[in-house]
1. Quick check, is residue 117 crowded, with 22+ Cβ neighbours inside 10 Å, touching a helix residue (DSSP H, G or I) at 6+ places or on another chain (Cβ under 7 Å) and touching a residue at least 12 places away in the same chain (Cβ under 8 Å)?
2. Among the residues in segment 274-283, are any at pLDDT 90 or above and surrounded by 23 or more Cβ atoms within 10 Å (Cβ to Cβ)?
3. Among the residues of segment 254-265, what is the count of those that are closer than 21 Å to residue 243 by Cα and either part of a helix (DSSP H, G or I) or modelled with pLDDT under 85 (or both)?
4. Among the residues in segment 12-28, are any in a helix (DSSP H, G or I), surrounded by 18 or more Cβ atoms within 10 Å (Cβ to Cβ) and under 19 Å from the mean Cα position of the chain (by Cα)?
5. Would you call residue 334 within 29 Å of the chain's Cα centre (by Cα), modelled with pLDDT under 55 and more than 30 Å from residue 2 (Cβ to Cβ)?
6. If I ask for residues that are part of a helix (DSSP H, G or I) and either under 18 Å from residue 362 (Cα atoms) or not assigned by TED's automatic domain parsing to the domain that holds residue 83 (or both), which ones from segment 40-59 would you list?
7. With the requirement that a residue be closer than 18 Å to residue 189 by Cβ and under 12 Å from the mean Cα position of the chain (by Cα), what does segment 131-153 give you?
């Protein structure tokens, strides 16, 4: 556990060094992400039998190498992941290389996503680890690949380009069918808050909550029979869902400055609402944790967007009007505010709350060993 906490501490150190030394923010961002994600990649690649599903994927890789596609009757994997496993097997029979190559793709996708779309790459990387998304990549390999693919759909969600979005989701579903949940979520994100359709949406969620047992059993029988009658259909501790719900409340309270800062933030808020609903449902059916990750991933953008909006909307001292057009750097509109000498007290209070909550979530996740990553064991026999 100490190694994971040290990992977070090093991320903070790299942030201070990279942005303290380099005045060019672009160079600082690139260097920071290169150092941090190399550090994370080493942690993921050199693990040994870490993650609840590690042995399953290791055995599946060996089986594919020995029997080829005739092993499909033993593997309940999606066709995309089977093909990926076979392609890697053409070049190596080393399990760690197989695990490592998958990790390279997943973490590179996250690094690109953060670099391209986050207003604060340090905070996004910090939250990526503290919200336990890193450990997802050490456990659920198929779903980790699917989520990494769906990250590339974000610009199409923002710009309302359905067909490219659909193509990416279908591709992701070839690695884990749960990615298809993003199709109805996309439809909901199109609904303007306050419209009559939101009432219909609320009734739909209520119906799902009441009828969840029958619906979940049906879905598992159709899509993932390995989960039928398993512990995944039982409820999880409500403590595990509490902190994401508190973060959602914080985002909701400051939704107005967030939406003034960036019109696309309403989509992030919508994702967080869906993730929160799944978190509440997890107290009844743990399997919904799998579905929540596709929306839960957007905490990595939403929390830095919140702090960025507060920094601008509530500056220290007197508010100053923007020039005509209300445009700031990076082409964003920030309502009727501009940055002054520094952020006001609201920014620091909210930032402190977010850091405490996410750090607490990280520690709870490690203590509960949610993804089976504690204790950490490396290829070299070292246990932390």
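The values are calculated or read from the model by the stated rules, or taken from the named source; none is laboratory data. These figures come from a predicted structure and were not determined experimentally. Neighbour counts run over all protein chains shown; Cβ positions are idealised from the backbone, glycine included.
1. Values: crowded, with 22+ Cβ neighbours inside 10 Å: no; touching a helix residue (DSSP H, G or I) at 6+ places or on another chain (Cβ under 7 Å): yes; touching a residue at least 12 places away in the same chain (Cβ under 8 Å): yes.
Judged against the criteria, residue 117 is not a match.
2. In the first step, residues of segment 274-283 are kept if they are at pLDDT 90 or above; the result is none.
Scanning segment 274-283, I find no residue that is at pLDDT 90 or above and surrounded by 23 or more Cβ atoms within 10 Å (Cβ to Cβ), so the answer is no.
3. Of all residues in segment 254-265, those closer than 21 Å to residue 243 by Cα come to 254-255, 258, 265.
Remaining after also requiring either part of a helix (DSSP H, G or I) or modelled with pLDDT under 85 (or both): 255, 258, 265.
Residues flagged as closer than 21 Å to residue 243 by Cα and either part of a helix (DSSP H, G or I) or modelled with pLDDT under 85 (or both) within segment 254-265 amount to 3.
4. no
5. Working: within 29 Å of the chain's Cα centre (by Cα): yes; modelled with pLDDT under 55: yes; more than 30 Å from residue 2 (Cβ to Cβ): yes.
Answer is yes for this residue.
6. The initial filter retains those residues of segment 40-59 that are part of a helix (DSSP H, G or I), namely 40-45, 54-59.
Residues satisfying the conditions are 40, 43, 44.
7. Let us first name the residues in segment 131-153 that are closer than 18 Å to residue 189 by Cβ, namely 147, 150-153.
Scanning segment 131-153 gives 147, 150, 151.
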